[in-house]
Amino acid sequence: MNAAILAVVVLLPVLAGALIPFIPFKNRLWMMVYIEAAVLLVTILMFVTLFNQPQEEFVLFRFAGNLSLSFKLDGLGSVFAGLVAFLWPLATLYSFEYMKHEGHEKYFFMFYTMTYGITLGIALAEDIVTMYCFYEALSIVTLPLVIHTLTREAILAGRTYVYYMLGGAAFGFIGLAFVLIYGTTSNFVPGGVLDFAKIGDHRNMILFTYVMCFFGFSIKTAIWPFCSWLPKAGVAPTPVTALLHAVAVVKAGAFAAMRVTYYSFGADFLRGTWAQGVVMAAVIITIVYGCSRAVKETHMKRRLAWSTVSNLSYVLFGVVLMSPLGLAGAMSHMVFHAFIKISAFFCVGAVIYKTGREYVHQLNGFGYRMPKVFVVFTISGLALMGVPGLAGFVSKWNLVKAALDAGTGAAYLGIAALLVSALLTAIYMMTIVVRAFFPGKDFDFSTISDVEDPNWMMILPLTVFTIAIIYFGVCSGWFTDMLEQISSVM
Amino acid sequence: MNSWILLPVCLPVIVGACLLISLAFDRRKDASGPSEEELKRLHILVFFTLIATTVFTLALVWAGKGSLALFEIVKGIPVYFQIDGAGRLFAAIFCIAWTAVGIYAFTYMPHEGKEKQFFAFYLIVFGVLIALAFSGNLVTMYLFYELMTVTSAPLVLHNGSREAIMASLKYLFYSMCGAYLGLFALFFLYQNCDTLTFTAGGTLNPELAAQNGTILLIAVFAALIGFGAKAGMFPLHAWLPTAHPVAPSPASAVLSGVIAKAGVLAVLRVVYYVAGADFLRGSWVQTAWMTLTLLTVFMGSLLAFREPVFKKRLAYSTVSQVSYILFGLSLLSPTAFEGAMLHTVFHMFIKCTLFLVAGVFIVKCNKTRVDELDGIGKQMPGTLWCFTFASLALIGIPPTSGFISKWYLAQGALEANVGVFGWLGPVILLVSALLTAGYLLPVTMKGFFPGKDYPSVPKDDAPKGMLYPVLFLTAIAVLPGVIPNPLIGFISRIADLVF
């Protein structure tokens, strides 16, 4: 199979998206068909590529010197690309219904579809320069989606968003420069590319740049103390919050952190150094801090956003364990959390779309009026808490297995943090479920008589996600094997 | 043969789930309650489900062996059921108590309303409990333990008052906190054990255990505290006196009588079937555990003694009595172990009886406080006699059942070679027994002898649907004191295996 297809899946959505405002669609239906067809086509191409696993690289063009924009598919990239490709068509379907009430659809779908290509670009990038380019592009192309409603709040949130993103990328750039100088190649190589002869006694400096670079890329993953942008960005339409701020954008950050840790600096070089201590401390703090804020928050989307902050740091916890098992754990939580959180966000989005209610205390009795949505929400809540038999438990198990394997005090502390966070998760998710299904004896159901389940365009994605959550909960063996095989090449 | 294990698990869960689904449709149609006809059908359905499940479970208990592995939850660890001694004992008593209380609920629940919802969750929790008893490895047990917590919370919040909802959330979060402490232990046990499958005597790998001793002890201690939460052990006991009394009386009965024992079962499994008694013997964990249980025994009794609300008093009594069981387990000696198992059986039936009697008082005369119960024996002598017998058994007066279990517990403490606890334990048990007499017997005394000024009241005992289950439970709670040998024989065979 020709590796040029890698460039096709990246550029096709960008092109298809950019064309949307210029095509004179007869009506809304045609636009929907066009977008869904384009997105589905890319997804199909992506999966065909994943099954064929082309080994060669594809160079799009070269900058000066040996820097180039080039793509190559490897294990880690396959996982992220597969995840994104699976979710995007479903999320697009959901957005068609949801965006009816937001307006400016053409521009929304333009950027939404372009983001797809750019996220795939990050997943398929062969070297740190390519990844960095797409990483910057991702920040820029998602900005219009955050400020979509053009309210004052949205614009302020957009400003915060852009400051954090560009600031983060700048830090990431420092790491990039040092990898180029001190590495043997700019490509991603399992185990790292640092040239120890060149480093000599500059070890601490390299570690320092790693810390800078890790925090820079992890800003997208909302690591403490740079996490406040994510809940603020919750003003965006729900499809954006769900797909971008629970999966694509934030996990691109985690993905970049994996790349620099395992494929550029090298886990062996970093393990046991003070740099690992620093990033581990930040990650553990984020895990607990994120869900404490989620418990305090009463706005539903912001609550889920804080929950995302915490759960993303589960992924980063796996990353900073700096071991193959840690990477496998991180990847499994990256995938499973994506399903769980997008499902939870879509439920909340359905409530907002149907009723306009955004706060937890307004949800009394909704379980009876929107049974499908709240059954899905309950399942995703249980999965997020880590009840065995659902996907969330599997990824937690994999993370803890890696932590036990590492066997350091910090790793044990991380396990404790995961469990504290699980308890807080139970609190912030179950209070919603109890409210929805048990509104209390004096509750007057006539106040919510107009509330009902949304149509199939919203229910279908939710069903698929729920099936995935249950499926991975009951047979995750092959998936864990696959991830461990991918990470074992370190 | 082996896949029959799924039958008593799935049957009540499926029936319960169907009831929930039909409930969702009812709610959409109209707000008016179900008709007589519908209620009757519901009762028949629930009745036959309970009986069928009990029969299947007892058949499995009788068969006495078998195991079944389903899909893998995580790599290498399947959902695994196996029927062993402890599982048989717990499954048998779970289903007898659950069915008896369920039959009582048919008459009680019209008083509370929303019967469909109640019975739906009642059945689901039943299936989950059977699964918990037959769980064959730690992860499976953890799975059903979590499910039990989640599915039993609706029983607590049944009446829908703000108080009940807050109580159920408190219940949920304490239990979750406990479960996660248990999960913490599970991770470390997984690392240091040859297998997580329950094996009498423990599966700890000696080399790894020697290497990771400290963290492993901390982990086991976390499990004791965590699973002890369900059993109302200090320091995670505070939910119990809040949550048990606000539930409808049948639910209080099973929460106190049965679900608290699920916590005991979990502790039992971790200590005797995974970590192994030898690993804990003489460690700081054993000392700390004994201290906590004795503290809980004393504190529970004292608080019960001071409590004026009847059901709340019984809930404090549960706190105290379940820690008798845990104290027996913490001694790590065969005799004390037998005492603990005996007390598990007896306390389950006794506490179900007591709560059901409290339910009768609520339904018949709407009396919830102890000081309102003067002269109740004139009106309902049968009910109060049941209460009296159960109380005597709980205090431990020979020849009732409670005497036997306490005798074994005290003897076990003296034998166990645990230093100061060898005599401190029996002393505290004795003091607590006196307090038990102090908080239970006044109800009987004032109930039968309200004083000469008390106006004569017509005899109006509990309806048959409530009285017969109460009589039945009283009988099986008290009578084993007279013929204890079959039960003791069964339990000592379990004890022989684990030590």
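The values are calculated or read from the model by the stated rules, or taken from the named source; none is laboratory data. These figures come from a predicted structure and were not determined experimentally. No Cβ is skipped: glycine too gets one built from the backbone with ideal geometry, and neighbour counts run over all protein chains shown.
Numbers for the structure displayed
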{"quantity": "Flag for B:ALA133 being buried (at least 21 other Cβ atoms within 10 Å of the Cβ), more than 9 Å from every other protein chain (Cβ to nearest Cβ) and not aromatic (Phe, Trp, Tyr)", "calculated": "yes"}
{"quantity": "Residues located in segment A:144-157, provided they are surrounded by fewer than 23 Cβ atoms within 10 Å (Cβ to Cβ) and assigned to a helix (DSSP H, G or I)", "calculated": "A:PRO144, A:ARG152, A:GLU153, A:ALA154, A:ILE155, A:LEU156, A:ALA157"}
{"quantity": "Meets criteria (surrounded by 22 or more Cβ atoms within 10 Å (Cβ to Cβ), modelled with pLDDT under 90, closer than 24 Å to A:ALA406 by Cα and hydrophobic (A, V, I, L, M, F, W, C)) for A:PHE255", "calculated": "no"}
{"quantity": "Index of the failed condition, A:ALA410 passing every other in (1) modelled with pLDDT of 85 or more; (2) assigned to a helix (DSSP H, G or I); (3) facing chain B (nearest Cβ under 10 Å); (4) surrounded by fewer than 24 Cβ atoms within 10 Å (Cβ to Cβ)", "calculated": "(3)"}
{"quantity": "Criterion violated by A:MET490 - all others in (1) at the interface with another protein chain (Cβ under 8 Å from one of its Cβ atoms); (2) closer than 30 Å to B:GLN211 by Cβ; (3) modelled with pLDDT under 85 satisfied", "calculated": "(1)"}
{"quantity": "Test for A:THR241: is it closer than 30 Å to A:ARG152 by Cα, hydroxyl-bearing (Ser, Thr, Tyr) and surrounded by 24 or more Cβ atoms within 10 Å (Cβ to Cβ)", "calculated": "yes"}
{"quantity": "Among (1) more than 9 Å from chain A (Cβ to nearest Cβ); (2) assigned to a loop (DSSP other than H, G, I, E, B), the one test that B:GLY160 misses", "calculated": "(1)"}
{"quantity": "Complete set of residues in segment B:188-221 that are in a helix (DSSP H, G or I) and within 12 Å of chain A (Cβ to nearest Cβ)", "calculated": "B:PHE188, B:LEU189, B:TYR190, B:GLN191, B:ASN192, B:LEU208, B:GLN211, B:THR214, B:ILE215, B:LEU216, B:ILE218, B:ALA219"}
{"quantity": "Candidates B:ALA167, B:ALA185 - the one that is more than 9 Å from chain A (Cβ to nearest Cβ), of a type outside the set (D, E, K, R) and under 25 Å from B:ALA219 (Cα atoms)", "calculated": "B:ALA185"}
{"quantity": "Helices (runs of 4 or more DSSP H) lying entirely in segment B:237-281 (those with 1 or more residues that are surrounded by fewer than 24 Cβ atoms within 10 Å (Cβ to Cβ) and hydroxyl-bearing (Ser, Thr, Tyr))", "calculated": "B:239-246"}
{"quantity": "Options A:THR241, A:THR221; residue that is within 13 Å of the chain's Cα centre (by Cα), within 24 Å of A:ALA402 (Cβ to Cβ) and not aliphatic (A, V, I, L, M)", "calculated": "A:THR221"}
{"quantity": "Members of segment B:318-353 found to be closer than 30 Å to B:PHE499 by Cα, surrounded by 24 or more Cβ atoms within 10 Å (Cβ to Cβ) and of a type in the set (S, T, N, Q), listed by number", "calculated": "B:THR318, B:SER320, B:GLN321, B:SER323, B:SER330, B:THR344"}
{"quantity": "Residue tally, condition crowded, with 19+ Cβ neighbours inside 10 Å, within 23 Å of B:PHE389 (Cβ to Cβ) and aliphatic (A, V, I, L, M), over segment B:403-452", "calculated": "8"}
{"quantity": "Filtered residues of segment B:188-219 (kept if among the hydroxyl-bearing types (Ser, Thr, Tyr) and buried (at least 16 other Cβ atoms within 10 Å of the Cβ))", "calculated": "B:TYR190, B:THR197, B:THR199, B:THR203"}
{"quantity": "Yes/no for B:LEU172 being at negative phi, facing another protein chain (nearest Cβ under 10 Å) and among the aliphatic types (A, V, I, L, M)", "calculated": "yes"}
{"quantity": "Selected residue (only one of A:THR463, A:THR431 is touching a residue at least 60 places away in the same chain (Cβ under 8 Å), outside any loop (DSSP other than H, G, I, E, B) and more than 10 Å from every other protein chain (Cβ to nearest Cβ))", "calculated": "A:THR463"}
{"quantity": "Test: residue in segment B:67-81 that is surrounded by fewer than 24 Cβ atoms within 10 Å (Cβ to Cβ), away from chain A (no Cβ under 14 Å) and modelled with pLDDT under 90", "calculated": "yes"}
{"quantity": "Scope segment A:386-402; condition facing another protein chain (nearest Cβ under 8 Å), in a helix (DSSP H, G or I) and of a type in the set (A, V, I, L, M, F, W, C); matching residues", "calculated": "A:PHE393, A:VAL394, A:TRP397, A:VAL400"}
{"quantity": "Selection status of A:LEU418, in contact with a helix residue (DSSP H, G or I) (Cβ under 9 Å, 6 or more places away or on another chain), in a helix (DSSP H, G or I) and surrounded by 21 or more Cβ atoms within 10 Å (Cβ to Cβ)", "calculated": "yes"}
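Conditions tested, residue by residue: (1) touching a residue at least 12 places away in the same chain (Cβ under 8 Å); (2) within 7 Å of another protein chain (Cβ to nearest Cβ); (3) touching a Cys at 6+ places or on another chain (Cβ under 8 Å).
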site	(1), (2), (3)
A:MET370	yes, no, no
A:ALA426	yes, yes, no
A:PHE445	yes, yes, no
A:GLU452	yes, no, no
A:TRP456	no, no, no
